[in-house]
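Please treat every number below as a calculation from the coordinates, not as lab data. The structure presented is a predicted model; accordingly, all values stated were derived computationally and were not measured. Ideal geometry is used to build each Cβ from the backbone, glycine not excepted, and the neighbour counts take in all protein chains shown.
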Amino acid sequence: MAGYEVFTTAWTDAWRDALNASEGYRRAAAAWEGAVALVMQPDGMAGIVKRRAVFLDLWHGECRAARVAADGDLEAADFVIEAAAATWRDLLGARSSPLLALMTGRLSLTRGDIASLLPYASASNQLVATAASIESIFPGGA
């Protein structure tokens, strides 16, 4: 498999398909409903020249939609999680867990509150594990 550049349409399509094929995600996210937006902050050194964001519409273990975030998606999401490209690289490379990154400030929850997100810690881990299963390419080889 050639891989997909992170936070692009092809990557989000592959992630949606992987989530919907994952029994582990389906079980862990059975009670989760709502939307999540993930934001990668610009980092010229990592080849990320402008902010990238993806939007996930999650409903009881199904990913109904995954796309590059459009106008209004960040405002519509129940949770918005932001991080530097290096943090996303670590998460997608399975070198960090989402909860640890959130607790240490490497991930920032900029919409929603941690108390509402904590019941979905297992589902969040499955989201990231499924994304990590996709061969991801960072611009500039970063």
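Determine, from the Cβ-Cβ distance of LYS50 and SER122 and an R0 of 22 Å, the FRET efficiency 1/(1 + (r/R0)^6), rounded to the nearest 0.05.
After rounding, the FRET efficiency stands at 0.10.
Assigning unit charges at the beta carbon (Lys, Arg +1; Asp, Glu -1) and nothing else, what dipole magnitude in debye, to the nearest 20, does region 49-142 show about its Cα centre?
340
Scan region 30-76 for trypsin sites (Lys or Arg not before Pro) in coil per DSSP, keeping those whose Cβ has at most 16 other Cβ atoms within 10 Å, and list them by number.
Hits after loop and neighbour filter: LYS50, ARG51.
Mind giving me the nanometre distance, one decimal, between the label points for SER133 and LEU109, set 7 Å out from Cα along Cα→Cβ?
About 2.6 nm separates the two model spin labels.
Between SER97 and ARG27, what is the label-point separation in nm under the 7 Å Cα-to-beta-carbon projection?
1.7
By DSSP, what percent of the beta bridges with both residues in region 1-138 are antiparallel, rounded to the nearest 5?
Bridges in region 1-138 are about 75 percent antiparallel.
From the P(r) of region 1-41, can you give the percent of Cα pairs sitting at distances over 11 Å?
Considering region 1-41, 73 percent of its Cα-Cα pairs are separated by more than 11 Å.
Excluding ASP13 itself, what net charge comes from residues whose Cβ is under 14 Å from its Cβ, given Lys and Arg +1 and Asp and Glu -1?
-1
Would you kindly derive the ³J(HN,Hα) couplings of region 36-52 from the backbone phi angles with the Karplus curve 6.51 cos²θ - 1.76 cosθ + 1.60 (θ = phi - 60°), listing them in order in whole Hz, with x for Gly and Pro?
Along region 36-52, the couplings run 10, 10, 10, 10, 9, 6, x, 7, x, 5, 9, x, 9, 7, 9, 4, 10 Hz.
Among the trypsin sites (Lys or Arg not before Pro) in region 88-119, which ones are in a DSSP loop with at most 13 other Cβ atoms within 10 Å of the Cβ? Mind listing them?
Passing both the DSSP loop test and the Cβ count: ARG95.
With the cut-off at 1.5 for a/c, could you classify region 29-96 from its C-alpha gyration tensor as rounded, prolate or oblate?
Because a/c hits 1.5 or more and a/b fails to exceed b/c, region 29-96 counts as oblate.
Stick to the Cα atoms of region 12-132, pair each with every other, and give me the Kirkwood hydrodynamic radius in Å at one decimal.
Computed over Cα pairs of region 12-132, the Kirkwood hydrodynamic radius comes out at 14.3 Å.
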